[in-house]
Each structure stands twice: as structure tokens, then as C-alpha cells.
Amino acid sequence: MLKDEYFFRSFFYNWIVEPHLRGIKRYIARICNERGVRIVADICCGTGTQCYLLAANDIKCVGIDLSPGMLKIANKKKPNNTWFIRMDSGNLAFKNNKFDAAIISFALHEKSYSVRQKIAKETKRIVKRGGIVLVADYLVEPETGIPDWKTRFVEFMAGQEHFRCFTDFCERGGLAGVANLFGLQGKVLETFRNNSWGLLLLENS
Ligand SMILES: C[S@@+](CC[C@H](N)C(=O)[O-])C[C@H]1O[C@@H](n2cnc3c(N)ncnc32)[C@H](O)[C@@H]1O
């Protein structure tokens, strides 16, 4: 049985973390709407708020997460056009080209490079050609590769292994470096929190 790394955090995630992410999640829902997306995979969906926002826009959403604690919260108010599944994002049990889009928000920075690579490969596989991948995560200063001090502090407090993965994520360019990870063309559509966070749009060509 895998350890639930998010069991403790699942109790306060919606109160403490989620309100800060509302703006970026609303923006993601808007982009999906504008791009005519009908079915989305929310990879590492956490407590499911992004799926709820998509469901309100009449977009089907499959939320994938490993944490039973996070999924229990997600399932509490589950809309009819939304499903939550316990699954490893590095090994997705979906057919190729199933989704119009995939979303990965604030999950890649806390994974090792090899796990990030697996998640990227699987995400690309399940999104159809011409579809999109939206990634929300931390931006770094292009010259120094360093994120802002508040981000560093929060990530430092999350523990040694977490911080090691985060540091590697930043050294590889932060959010901008994710385009290389996927091997796809992309652009940062919008920045948030004084350029600390951004939303990257990748075209699955
Ligand atoms: C920081 S939370 C982000 C949650 C959500 N995407 C958000 O923006 O609020 C990271 C989530 O990734 C999940 N996770 C971590 N590793 C995973 C994996 N290999 N497969 C699926 N989910 C995973 C955790 O359980 C957690 O819910």
C-alpha cells in the first residue's frame, strides 16, 4: 500500500492553499472554454476544484490523483460530468488521444526529474493531436534561474525531498523549462502573483 503523502495536507488544502489558486484556475477554465475543449484530464487534481470550475462550464473532466485523502474531499461535491480516479500520473490507464486537453497545476515542481518525464510522456499520449496541455507552476528569473523568496520559503518548509525536487525544477528553467520536458512548442499565456506563477500553454502537435 502506497503512503498517502497528502493525507495530512488534505484536511486544510481547501482552506489555506486553494483560495490563492482560484484566479489561475478560473483562467484555465476560461482558456478551455475559448479553445472549445469538451473533455479534460486534470492530472494530479488534488481536491478537485479545477474540475468543478470546468464542470460549471459544461466541460467533462476526469481528475486523477494518488492521494485517497485529496480524492475523498474531491468526491464530496462531485458534479455529474466529473469523475475522480485514483491513479499514478506516470502510468495512466487511458487510451491514446482520449482527451482534448490536460491540465497539470502545481504538481510538476514537487516531482523528481525522472517522474516529471514519465508524467509528461503519459500526458502527451492521452491528449489528442491538436489538443492542448496547460501547466500552471512557478516561474523563475530567466537570468538567475531563481524564483521569488516567498516561493522558496514555502517550498523549503515542505520538506527536504520536496525542496530538492523544486530546486531541480527551477534549475531546469521553472515553468518555461516545462516546454522542453514535453518536447512541445508553448508559451506562457499569463503570469500571476507578481510574476511568481504562470500558465503555460503547450500545443500537442
Ligand atoms: C500541490 S498538489 C496540487 C493539486 C492541484 N493540482 C491544485 O492545483 O490544487 C499536488 C497533487 O499531486 C498529487 N500527486 C502527487 N504525485 C502523484 C502521482 N504520481 N500521480 C497522481 N497524483 C499525484 C498529490 O496527491 C496532490 O494532490
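Quick notes on this structure:
- Amide H contacts of Leu139 (H built 1.01 Å from N, in plane; Pro and chain starts excluded): Leu175, Trp197, Gly198 sit under 5 Å, all sequence-distant by 5 or more or on other chains.
- Placing +1 on each Lys and Arg Cβ and -1 on each Asp and Glu Cβ, with no other charges, gives the chain a dipole about its Cα centre of roughly 780 debye.
- Projecting the Cα atoms of Gly177, Val17, Ala41 onto the dipole axis of the chain, where Lys and Arg carry +1 and Asp and Glu carry -1 at the beta carbon, places Ala41 farthest toward the positive end.
- Dipole magnitude of segment 104-205 about its Cα centre (Cβ charges: Lys, Arg +1; Asp, Glu -1), debye to nearest 20: 500 debye
- As a proxy for reagent exposure, Phe11, Phe166, Phe153 were ordered by neighbouring Cβ count within 10 angstrom, fewest first; the result is Phe153, Phe11, Phe166.
- Summed residue charge, Cβ within 12 Å of Ala74's Cβ, Lys/Arg positive, Asp/Glu negative: +2
- Over 18 Å between alpha carbons, listed pairs Lys98/Lys121; Lys78/Lys124; Lys76/Lys98: Lys78/Lys124; Lys76/Lys98
- When the chain is treated as a GNM with alpha-carbon contacts under 10 Å, the residue of Val127, Val115, Val37 showing the greatest mean-square fluctuation is Val115.
- For segment 60-93 versus segment 1-48, the gap between their alpha-carbon centres in whole angstrom: 10 Å
- Ordered by the count of other Cβ atoms within 10 Å of each Cβ, fewest first, Trp197, Trp15, Trp83 give Trp15, Trp83, Trp197.
- Cysteines, the chain, no other Cys beta-carbon under 4.7 Å: Cys32, Cys44, Cys45, Cys165, Cys170
- For the chain, a Gaussian network of Cα nodes joined below 10 Å ranks Arg152, Arg172, Arg116 by mean-square fluctuation, and the top entry is Arg152.
- Dipole of segment 7-204, positive end: most advanced residue of Ala107, Trp83, Trp149 [Cβ charges, Cα centre]: Trp83
- Net charge of neighbours whose Cβ lies under 9 Å from the Cβ of Ile126, counting Lys and Arg as +1 and Asp and Glu as -1: +4
- Proximal charge balance of Met87 [Cβ under 12 Å; K/R count +1, D/E count -1]: -3
- Counting only Cβ charges, +1 for Lys and Arg and -1 for Asp and Glu, the dipole size of segment 52-132 around its Cα centre is about 200 debye.
Every read-out reported here was derived from the displayed coordinates using simple, explicitly stated rules and does not represent laboratory data. Since the structure is predicted, the reported quantities are computational estimates derived from the model, not experimental observations. Counting neighbours? That spans all protein chains shown, and the Cβs are built from the backbone with ideal geometry, glycine included.
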